[in-house]
Amino acid sequence: SQTIHQWPATLVQPVGSPLSLECTVEGTSNPNLYWYRQAAGRGLQLLFYSVGIGQISSEVPQNLSASRPQDRQFILSSKKLLLSDSGFYLCAWSLTGIRLFGQGTRLTVV
Amino acid sequence: QKEVEQDPGPLSVPEGAIVSLNCTYSNSAFQYFMWYRQYSRKGPELLMYTYSSGNKEDGRFTAQVDKSSKYISLFIRDSQPSDSATYLCAMSAMNTGFQKLVFGTGTRLLVSP
């Protein structure tokens, strides 16, 4: 069966520091991969999606970037974190119209 | 007007009650309809999905899609305190390659013992 791993679960980072969140999917090949952000009390905002290695589409221009170095690995990065980057970050994957999510990373920028 | 509307709640019910959660939508191209359950500080968990229209049942959960009314529902029978969570509806359309998944804002459900 397919599983999605996302780490770390929680992260506290100072303003201006870099960020790297990693997500891997097991049990499938060539999945579509996604990064979402969920702010407190708000809906899910799609940040990036990827349909293949090295193929990244950005939905919202901001202080973040994404990369897909391997088929089942998706990385969310920032060179310099802002206070406004705090939130709950979710990785997801799909093969059809169904999307399955990881357990999320709660990022607090201080 | 938002593409997907969902009452944020909270919806408070006693244990054992039948719960009805609903979403309305405006885009007639939506074909996949999903319900997610999200516990506090956890990722959304896919509960049920329906392709096109009709009903689908899984244990205590029933999902209904009425495309003519642009209305979807999730029913929970014999609700339990462990069902207390936020329930998100989500939809996608083939004309976006199913890449664009539109979420409701979520309904917070509280089931009291």
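Here, each number is a calculation from the coordinates, and none is a lab measurement. If you're wondering where the values come from, they're calculated on a predicted model, not measured in any experiment. No Cβ is skipped: glycine too gets one built from the backbone with ideal geometry, and neighbour counts run over all protein chains shown.
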Spelling it out for B:Leu11: with amide H atoms placed in the peptide plane at 1.01 Å from N, the residues 5 or more places away or on another chain with amide H under 5 Å from its amide H are B:Arg108, B:Leu109, B:Leu110
Least to most buried among B:Phe30, A:Phe88, A:Phe74, by other C-beta atoms within 10 Å and fewest first, runs A:Phe88, B:Phe30, A:Phe74
Counting partner chain Cβ atoms within 10 Å of every residue's Cβ in B:100-110, what's the average?
3
How crowded by other chains is A:91-104, given as the mean number of beta carbons from other chains within 10 Å of each beta carbon?
6
Among all the lysines, which ones have a C-alpha under 16 Å from B:Lys100's C-alpha, if same-chain residues fewer than 8 places away are not counted?
B:Lys2
What net charge do the residues around A:Thr28 carry, taking every other residue with its C-beta under 12 Å from that of A:Thr28, with Lys and Arg at +1 and Asp and Glu at -1?
-1
In order over the stretch A:7-15: 3J(HN,Hα) from phi, Karplus 6.51/-1.76/1.60, θ = phi - 60°, whole Hz, x for each Gly or Pro, gives 8, x, 6, 9, 8, 10, 10, x, 4
Cα centroid of the stretch A:65-110 to Cα centroid of the stretch B:13-88, whole Å
25 Å
Charges on Cβ only, +1 for Lys and Arg, -1 for Asp and Glu, centred on the Cα centroid of the stretch B:1-51; of B:Ala29, B:Val13, B:Pro44, which one is farthest towards the dipole's positive end?
B:Pro44
Around A:Gly16, with a cut-off of 14 angstrom between Cβ atoms, what is the net charge of the other residues, counting Lys and Arg +1 and Asp and Glu -1?
+1
What is the sum of charges, Lys and Arg at +1 and Asp and Glu at -1, for the other residues whose Cβ falls under 12 Å from the Cβ of A:Ser50?
0
List the aspartates and glutamates whose alpha-carbon lies under 16 Å from that of B:Lys67, not counting same-chain residues fewer than 8 positions away?
B:Glu3, B:Glu5
Could you check which residue among B:Asn27, B:Asn95, B:Asn55 shows the biggest mean-square fluctuation in a GNM of chain B with a 10 Å Cα cutoff?
B:Asn95
Within the set B:Leu74, B:Leu88, B:Leu46, GNM on chain B using Cα springs under 10 Å gives the largest fluctuation to B:Leu46
Counting only DSSP beta bridges with both partners in chain A, the antiparallel fraction in percent, to the nearest 5, comes to 90 percent
Phi-based couplings in Hz for the stretch A:91-102 (Karplus 6.51, -1.76, 1.60; Gly and Pro marked x)
9, 9, 9, 7, 10, 10, x, 8, 10, 10, 10, x
For the stretch B:31-113, run through the chymotrypsin sites (Phe, Trp or Tyr not before Pro) and keep only the ones in DSSP coil with at most 16 other Cβ atoms within 10 Å of their Cβ.
B:Tyr39
Mind checking the dipole of the stretch B:1-56: about its Cα centre, +1 per Lys or Arg Cβ, -1 per Asp or Glu Cβ, Debye to the nearest 20?
180 debye
